[in-house]
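A short write-up of the structure that comes next.
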Amino acid sequence: MDASFPRRLGRDFIARHGETVFNAAHRLQGDAAHTPLTRAGFAQAEEMGRALRELLGPSPALTLWASNAGRALQTLAIVAEHLELDWHAARVDPRLTEIGMGSWGGRYYADVVGAVGPVIDAQGLLRPAPDGEDYPAIARRVSGWLADTARDAGDRLVIMHGISSRVMRGVMTGASVGNYGAPVLPGHPQGTVTMIEGGRESVVHLGLGYAPA
């Protein structure tokens, strides 16, 4: 984690939400407010809950956080049920939401690719839209959230998104700044949970969803 942040005294479980109807239809989702989970997405959330229950046991001392997007909250509700926690007690912050895709948001990948060329690079990173959010902007907002919550006590679970979680995980582990001007870690499939403790990351549960973006 950036040296300017106080060191967290607990573990952070960073999770990517389950598959959504936009994911299944190969549409650019970005910061869309609500794109519901598919049946596969619900199943992925169930697996996440079971994995965390096996690791942490029932009713763990765990602060719940989520992006304000519906798909993150749907995923959280299912995971919380497995943990015997009240998902209504979760804290929500828009700084945890997905990359803003501007005028590309909601469009089919194939249509955007046909108009402007490839939108996913060899690292599985989305190319920022001309009128969308860039990676340094994501790094700034997740860094702001990390700074504001660095004194949270104990463990916490954070349900967020493919690209924004890659940037936040990069910031938290001190990853090098890449081609897009921000620290970004490798992507994981939907339904994945990683644990970051003391600036080091390990995989708790590898999801079965689409990877990496």
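Under 20 Å from a point 7 Å along the Cα-to-Cβ line of Ile120: which residues of the range 46-81 have their amide N that close?
Backbone N within reach: 71-72.
Return the Cα extents of the chain along principal axes one, two and three, sorted largest first, each rounded to a whole Å.
Taking the Cα atoms of the chain, the three principal extents are 49, 41, 25 Å.
Output wanted: per-residue J couplings in Hz (rounded whole) for the range 125-137, from phi through Karplus 6.51 cos²θ - 1.76 cosθ + 1.60, θ = phi - 60°, x for Gly and Pro.
8, 6, 6, x, 6, x, 10, x, 8, 9, 5, x, 5
Give a residue-ordered list of calculated ³J(HN,Hα) values for the range 101-107 (Karplus: 6.51 cos²θ - 1.76 cosθ + 1.60, θ = phi - 60°; whole Hz; x for Gly, Pro).
Values per residue, Gly and Pro as x: 9, x, 6, 7, x, x, 7 Hz.
To the nearest 500 deg cm²/dmol, what mean residue ellipticity at 222 nm is calculated for the chain from DSSP H runs of n ≥ 4 alone, each contributing -39,500 (n - 2.57), summed and divided by the residues?
-10500 deg cm²/dmol
For the chain, what does the accessible surface come to per residue with a 1.4 Å probe? Please give it in Å².
Result: 44 Å² of accessible area for each residue.
Calculate the translational D of the range 95-213 in whole µm² s⁻¹ from Stokes-Einstein, where the hydrodynamic radius comes from the Kirkwood formula applied to all Cα pairs, the temperature is 25 °C and the viscosity 0.890 mPa s.
For the chosen part, D equals 163 µm²/s.
Tally Lys and Arg at +1 and Asp and Glu at -1 over the other residues with C-beta under 11 Å from the C-beta of Arg140: what net charge comes out?
Neighbour charge sum, excluding Arg140 itself: 0.
Sequence-distant or interchain residues sharing an amide H contact under 5 Å with Glu133, placed H: which?
Under 5 Å from the amide H of Glu133 lie the amide H atoms of Gly100, Met101, Gly102, each far enough along the sequence or on another chain.
Each label point is 7 Å from the Cα along the Cα-to-Cβ direction; what then is the distance between the points at Val21 and Ser103, in nm?
Using points 7 Å along Cα→Cβ, the separation is 2.6 nm.
Using 0.36 nm times the number of residues separating Ala33 and Asp86, minus their current alpha carbon distance, what extension gain do you get?
16.9 nm is the gain from fully extending Ala33 to Asp86.
Would you work out what percent of the accessible area of the range 1-159, with all protein chains in place, is carbon or sulfur (probe 1.4 Å)?
53
Spelling out what I want: for every residue of the range 168-178, take phi, set θ = phi - 60°, compute 6.51 cos²θ - 1.76 cosθ + 1.60 (Karplus), and round to whole Hz; glycine and proline get x.
5, 4, x, 4, 5, 9, x, 5, 6, 6, x
The values are calculated or read from the model by the stated rules, or taken from the named source; none is laboratory data. Quantities reported herein were computed from a predicted structural model and do not represent experimental measurements. Positions of Cβ are backbone-derived with ideal geometry, glycine not excepted, and every protein chain shown enters the neighbour counts. Surface accessibility is based on the protein's heavy atoms, side chains included, excluding ligands, DNA and RNA. Shrake-Rupley method; radii C 1.70, N 1.55, O 1.52, S 1.80 Å.
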